[in-house]
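Undergrad: One structure, pasted below without further comment.
The values are calculated or read from the model by the stated rules, or taken from the named source; none is laboratory data. Keep in mind that this is a model prediction, so the values were computed, not measured. Cβ placement follows ideal geometry from the backbone for every residue including glycine, while neighbour counts extend to all protein chains displayed. In case anyone asks, the SASA skips ligands and DNA or RNA and just uses the protein heavy atoms, side chains included. Shrake-Rupley method; radii C 1.70, N 1.55, O 1.52, S 1.80 Å.
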Amino acid sequence: MIMRKILFILTTVLTLTACTRELEVDMVYAEPEVVVMSCMEPDSLVRVNLSYSRYFLAVADDFRPIDNATIRLEVNGTEVAVADSAQGGRYLLNYRPSEGDRLRLRAHVPGHDEVSATTVMPRGAEVSNMRIVNIDSDGKSNIRFTLHDPADEDNFYLIRVIQEYRSGNALDNTYCDFSCNDYMLTEGGDIFSILESDGSGETFGTVLAFPDDNIAGTDHEVSLKVRNYRGSTFYVEIVTCSRDYYLYEVSSRLYDDDPFSSLFSEPVQIHSNISGGIGIFGARSRKVYSIPSQS
């Protein structure tokens, strides 16, 4: 009886290994598209990177920069800057955006239709009462501050915690992990595309991303928890950004996640607001607030 079972198993394995077929898949080659990458900040010159997209199977090929385009920048309906040459696909436009500017980018690349995109420069975040409340018995510092959300506009936030520490004779810094269990911020938005959950209702990661859907027009106290390191100084970075840039950040982080952590997840489509091409033309306003070091 045992010998019959062994013979049955061997026969099954040999049958399965012998039944193989080669399938031919018709892969349609995609022509290169114009890729626009630009994220503007207030009071900084506008920088735009142009390149061609790359066929996904051409892993050995580099991305080709575009140096012969003509780029025009319009602000509130008026053309304010033109750039018609670049090195390595990097264009510099002589304009420094202000909060509230409505910006339109137009790029003409020989042999392609016009590429364009629009965005609005957001206002910087208004924050008060930034402080460390206490240090828990597990060595974590509780950072709290009040976020003043404007009532007359939709806002999108990215919050990070920066740890500055001494490494030898030099100061170094890094974005550090922190947690947040604020239901108003972690529910109803795109928070779980970036932060992870430990099952207790608390989320953690290196960035807290949320729209103002649940706190619109209010003064909301934000509470973060970060592991305290003796002698370190902490800073809170708060970025307000255009909707398109927010969606680009969220989808890019989903794409960059470890593919082996979710083998059965759906493919990620990175957000783009470029007409006639792909990429992102976004805007953000960044503020950094310091917090006293703990002894």
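Undergrad: What number of residues within the range 66-101 are open to solvent by 70 Å² or more (accessible area, probe 1.4 Å), in contact (Cβ under 8 Å) with a residue 12 or more places away in the chain and part of a strand (DSSP E or B)?
TA: 5
Undergrad: Going by what's in this entry, would Asp213 be described as open to solvent by 70 Å² or more (accessible area, probe 1.4 Å), modelled with pLDDT of 80 or more and within 25 Å of Ile162 (Cβ to Cβ)? Talk me through it step by step, then tell me what you get.
TA: Numbers: open to solvent by 70 Å² or more (accessible area, probe 1.4 Å): yes; modelled with pLDDT of 80 or more: yes; within 25 Å of Ile162 (Cβ to Cβ): no.
Taking the combined requirement at face value, the residue does not satisfy it.
Undergrad: Could you tell me how many of the residues in the range 30-64 are modelled with pLDDT of 95 or more, open to solvent by 50 Å² or more (accessible area, probe 1.4 Å) and assigned to a loop (DSSP other than H, G, I, E, B)?
TA: 1
Undergrad: Out of all the residues in the range 102-126, which are within 21 Å of Gly89 (Cβ to Cβ), open to solvent by 20 Å² or more (accessible area, probe 1.4 Å), part of a loop (DSSP other than H, G, I, E, B) and touching a residue at least 12 places away in the same chain (Cβ under 8 Å)?
TA: Of everything in the range 102-126, those that are within 21 Å of Gly89 (Cβ to Cβ), open to solvent by 20 Å² or more (accessible area, probe 1.4 Å), part of a loop (DSSP other than H, G, I, E, B) and touching a residue at least 12 places away in the same chain (Cβ under 8 Å) turn out to be Pro110, His112, Asp113, Glu114.
Undergrad: When you go through Glu153, Glu164 one by one, which is the residue that is among the charged types (D, E, K, R), modelled with pLDDT of 85 or more and assigned to a loop (DSSP other than H, G, I, E, B)?
TA: Values: Glu164 fails: assigned to a loop (DSSP other than H, G, I, E, B).
Matching residue, one of Glu153, Glu164: Glu153.
Undergrad: Only one of (1) open to solvent by less than 60 Å² (accessible area, probe 1.4 Å); (2) modelled with pLDDT under 90; (3) under 24 Å from Ala283 (Cα atoms) fails for Phe192. Which number is that?
TA: Condition (1) is where Phe192 drops out.
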